[in-house]
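Visitor: Here's a structure for you.
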Amino acid sequence: MGLIDDYNLKFEQFCNSIPNNKYMFEISKLCGYGEFITIFKKQPLLDLYNTISLQFNREIIEIFFLNSITNEKIKIPITTNMTIQNFISTLNSGPELIIKPIYPVPCKVVYKIYYDDGHTHGNKACVLPNLIT
């Protein structure tokens, strides 16, 4: 087995192990641009803000989920008193999932978080269509 094969095997194992102790999020700016991030499930919500801020190299006005049933904005609090896992579990504790994965099976579970950094295109603010605030 060569170095390339060794790398490919280890990278595949790494990617397959992500869901065991991390969440994968697609962080989407209001203009539509987005990227994947991973973060440990047991980290506090404040770390999610810090990770997103570092990834995009910008300050954050707010981050939020969209309720899959009502399309309402669910602001993610800035706190060290709740883990990411607890927040998502609380939202999804009822009979219907409030936060759903955005890609179908067999894809890994990825949740979408919207990221508002206040950026505008000219004089026009970037916003999501059909968003209930």
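The values are calculated or read from the model by the stated rules, or taken from the named source; none is laboratory data. These numbers come from a predicted model, not from an experiment. A quick note on method: Cβ atoms are made from the backbone with ideal geometry, for glycine too, and the neighbour counts reach across all protein chains shown.
Visitor: Cβ contacts < 7 Å: first residue farther than 27 Å from PRO44 by Cα, restricted to segment 1-26; second residue surrounded by fewer than 11 Cβ atoms within 10 Å (Cβ to Cβ), any location; separation 6+ or different chain. Result?
Guide: Nothing qualifies.
Visitor: Identify the residue in segment 27-66 that is within 12 Å of ASP117 (Cβ to Cβ) and of a type in the set (Asp, Glu) and, among all such residues, is surrounded by the most Cβ atoms within 10 Å (Cβ to Cβ).
Guide: Within segment 27-66, the match that is surrounded by the most Cβ atoms within 10 Å (Cβ to Cβ) is GLU62.
Visitor: Could you check segment 75-88 and list, in sequence order, the residues that are more than 16 Å from GLY118 (Cα to Cα), surrounded by fewer than 17 Cβ atoms within 10 Å (Cβ to Cβ) and either in contact with a Gly (Cβ under 8 Å, 6 or more places away or on another chain) or not hydroxyl-bearing (Ser, Thr, Tyr) (or both)?
Guide: Matches in segment 75-88: PRO77, ILE78, ASN81, MET82, GLN85, ASN86.
Visitor: Right, here's the next one. Looking at LEU97 and the list (1) modelled with pLDDT under 95; (2) in a loop (DSSP other than H, G, I, E, B); (3) closer than 24 Å to HIS119 by Cβ; (4) of a type outside the set (Asp, Glu), which single condition is not satisfied?
Guide: The single condition LEU97 does not satisfy is (3).
Visitor: If ILE52 satisfies every condition in (1) within 24 Å of PHE87 (Cα to Cα); (2) touching a residue at least 60 places away in the same chain (Cβ under 8 Å); (3) out of contact with any Lys or Arg (no Cβ under 6 Å at 6 or more places or on another chain); (4) not in a helix (DSSP H, G or I) but one, which is the exception?
Guide: Every condition holds for ILE52 apart from (4).
Visitor: What are the residues in segment 62-94 that are outside any loop (DSSP other than H, G, I, E, B) and either free of Cβ contacts under 8 Å to residues at least 12 places away in the same chain or polar (S, T, N, Q) (or both), if any?
Guide: Hits for segment 62-94 are THR83, GLN85, ASN86, SER89, THR90.
Visitor: Additional query: Within segment 33-49, which residues are of a type in the set (Phe, Trp, Tyr) and part of a strand (DSSP E or B)?
Guide: Correct list: PHE36, PHE40.
Visitor: Something else about it: Quick one: is ILE69 at pLDDT below 95, of a type in the set (Val, Ile, Thr) and surrounded by 13 or more Cβ atoms within 10 Å (Cβ to Cβ)?
Guide: For ILE69, the condition - at pLDDT below 95, of a type in the set (Val, Ile, Thr) and surrounded by 13 or more Cβ atoms within 10 Å (Cβ to Cβ) - is not met.
Visitor: Tell me yes or no: at least one residue of segment 55-66 is on the phi < 0 side of the Ramachandran plot, in contact with a Leu (Cβ under 7 Å, 6 or more places away or on another chain) and polar (S, T, N, Q).
Guide: No, segment 55-66 contains no residue that is on the phi < 0 side of the Ramachandran plot, in contact with a Leu (Cβ under 7 Å, 6 or more places away or on another chain) and polar (S, T, N, Q).
Visitor: Among the residues of segment 14-31, write down those that are of a type outside the set (Gly, Ala, Ser) and not in a strand (DSSP E or B).
Guide: PHE14, CYS15, ASN16, ILE18, PRO19, ASN20, ASN21, LEU30, CYS31, listed by residue number.
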